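Structure record follows, encoded as structure tokens.
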Ligand SMILES: Cc1cc2nc3c(=O)[nH]c(=O)nc-3n(C[C@H](O)[C@H](O)[C@H](O)COP(=O)(O)OP(=O)(O)OC[C@H]3O[C@@H](n4cnc5c(N)ncnc54)[C@H](O)[C@@H]3O)c2cc1C
């Protein structure tokens, strides 16, 4: 099954909408230009549509297998991973000093969306390898950096993230894996980690695990955690592979989706010989690990988008082909895309996909702005990135999953079968709301920490930006009603954020409603970004009309242009998707506010 992409909107986000020049004039990107970035995206699309997507279906149907203590990956994964490694796709945004391409995050986001949409199970390997190598680059000694980082960024070795244990999932403070210092300065790591993505396989000759563990005298809870690098094979002083380290895969999970991604139980130190190396200082492990977790949370949001977009594009293609019913009198069977309800389902998908893409692209742009600025400006951009991270993760994974469901519904019965890719996208997407911290935990992070950080300044900055969009567009003849919907949603959200904490049981209500509050903010932010995009699309569409001599009041001439020009159709559809999001998505904010404003606490009162 072919992977169908949405490259036009990805290019729009990167090359037309975001202020790319502000990023590219920063010191790290002096040698990069727009044209190159467009070409990078095209190349990433090529490899995604090629070997990466070619093994997506077999990855699902056959899946990773565990036998005789070994994990075997599905056919085609090795070749596709080799293509990703040799093309530099694992480390496109990483430090050139260690072999990365050093590209801005805004491009990295497009690359990740393609890879996640084409083959999530494979893309996860690149994400975790990049993230664990970056931990070593940032916090490791010179020796550790020299030994591991370049080999991981190049894809010669893979990496993992080892946090979860049977008794410690969301509650990382409960981790019990131990690390005891040895005479040579290394550590003996003992314990069992579960659910470790790509914890074992033979894709690469070595796998480097980033492991959270507790030293013997460490205090209980999160402050007692330290971070260790534990290789599957020990590495000799000259960089060659030495003896097998004491890390054993005890099995893999049988699960709903991402079958090509082995989810492993790893036992460290079964024979008391699992050698690990401390990153940075003891007791700082969780602080360091947040670098990887935040990057992964953002990318899991991109997974939600990538799965949703691919499912949506496939649904459009199906709806153009499938004949059923008659869309008018006296004609034969029509393609289902002509039926209003099918069109509603498709535009709903488009509007959420574009909203998610705007959100993750803007967040990536803020990361780049933080990277190229200094002082107060840097703090401001970084504050927005931190505020957006849980929203990207939770909002895009929840709504991404819903989009895959709407896409499946578009097919009718065929969507429920394995003859079409809709059901795989839905199953693969579901995990995104669970791993890297469940969406419930993301929402608690948002309301408990992110709203208050820097004395609430990032949140205030954001609300002002949204308010400015409402004011600018409220009188626009096309977008005015949508801007008014945004204004109304913003007013509701602001009222909830002010009123609820002041209620006698405000703390209880806030914790109980963290997920709905994140959902409200996700809608409002995305609605604001979509309106900005639609305003630009309107202008571009009008320019096209002028260039073609089309009178905008002549409906027939406008329709003919839309049929004839994919560019005109793209800008037109961007406006339609925004209007639909404003009238279907944004009113959810008012619905979600009802329970908060009424102070409803039935879930606490209920007896289960
Ligand atoms: C396919 C897959 C791949 C994974 N990959 C990795 C990996 O590579 N590395 C790794 O370390 N882990 C990995 N995980 C583990 C994943 O991150 C955890 O499953 C997740 O963090 C949730 O932990 P848990 O499963 O123990 O659920 P629990 O923590 O038991 O949570 C169960 C439910 O209770 C809720 N809950 C828990 N605590 C609270 C609270 N304080 N307040 C409100 N609600 C709460 C949760 O939101 C959830 O709904 C993976 C998991 C899966 C399924």
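Values as computed for the structure displayed
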item: Residue match in the range 310-317 (condition: closer than 20 Å to residue 126 by Cα and part of a helix (DSSP H, G or I)); result: yes
item: Scan of the range 424-452 for residues that are more than 18 Å from residue 296 (Cα to Cα) and crowded, with 20+ Cβ neighbours inside 10 Å, ordered by number; result: 424, 425, 426, 447
item: Restricting the range 434-454 to residues that are in contact (Cβ under 8 Å) with a residue 60 or more places away in the chain, within 12 Å of the ligand (Cβ to nearest atom) and part of a helix (DSSP H, G or I), the residue that is nearest to residue 172 (Cα to Cα); result: 441
item: Subset of the range 171-204 (residues that are within 9 Å of the ligand (Cβ to nearest atom) and surrounded by fewer than 18 Cβ atoms within 10 Å (Cβ to Cβ)); result: 171
item: Residue, nearest to the chain's Cα centre (by Cα), within the range 219-238, restricted to residues that are surrounded by fewer than 19 Cβ atoms within 10 Å (Cβ to Cβ) and within 15 Å of the ligand (Cβ to nearest atom); result: 222
item: Filter pass, residue 241 being modelled with pLDDT of 95 or more, surrounded by fewer than 23 Cβ atoms within 10 Å (Cβ to Cβ) and away from the ligand (no atom under 15 Å from the Cβ); result: yes
item: Residue in the range 397-409 that is more than 16 Å from the ligand (Cβ to nearest atom) and outside any helix (DSSP H, G or I) present; result: no
item: Unique residue being part of a helix (DSSP H, G or I), modelled with pLDDT of 95 or more, surrounded by 21 or more Cβ atoms within 10 Å (Cβ to Cβ) and within 32 Å of the chain's Cα centre (by Cα) when the list is 582, 590; result: 582
item: Residue, surrounded by the most Cβ atoms within 10 Å (Cβ to Cβ), within the range 205-218, restricted to residues that are within 17 Å of residue 281 (Cβ to Cβ) and either without any contact (Cβ under 8 Å) to a residue 40 or more places away in the chain or within 16 Å of the ligand (Cβ to nearest atom) (or both); result: 211
item: Subset of the range 244-274 (residues that are more than 16 Å from the ligand (Cβ to nearest atom) and crowded, with 22+ Cβ neighbours inside 10 Å); result: 245, 269, 274
item: Filter pass, residue 370 being under 17 Å from the mean Cα position of the chain (by Cα) and either touching a residue at least 60 places away in the same chain (Cβ under 8 Å) or in a helix (DSSP H, G or I) (or both); result: no
item: Residue in the range 73-90 that is touching a residue at least 60 places away in the same chain (Cβ under 8 Å) and out of contact with any helix residue (DSSP H, G or I) (no Cβ under 9 Å at 6 or more places or on another chain) present; result: yes
item: Hits in the range 249-276 - residues which are on the phi > 0 side of the Ramachandran plot and either within 22 Å of the chain's Cα centre (by Cα) or not in a loop (DSSP other than H, G, I, E, B) (or both); result: 251, 258
item: Any hit, the range 464-485, residues being under 25 Å from the mean Cα position of the chain (by Cα) and farther than 18 Å from residue 580 by Cα; result: yes
item: The listed residue being within 30 Å of residue 29 (Cβ to Cβ) and surrounded by fewer than 19 Cβ atoms within 10 Å (Cβ to Cβ), out of 341, 376; result: 376
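The values are calculated or read from the model by the stated rules, or taken from the named source; none is laboratory data. Quantities reported herein were computed from a predicted structural model and do not represent experimental measurements. Note that we place each Cβ from the backbone using ideal geometry, even for glycine, and neighbour counts take in every protein chain shown.
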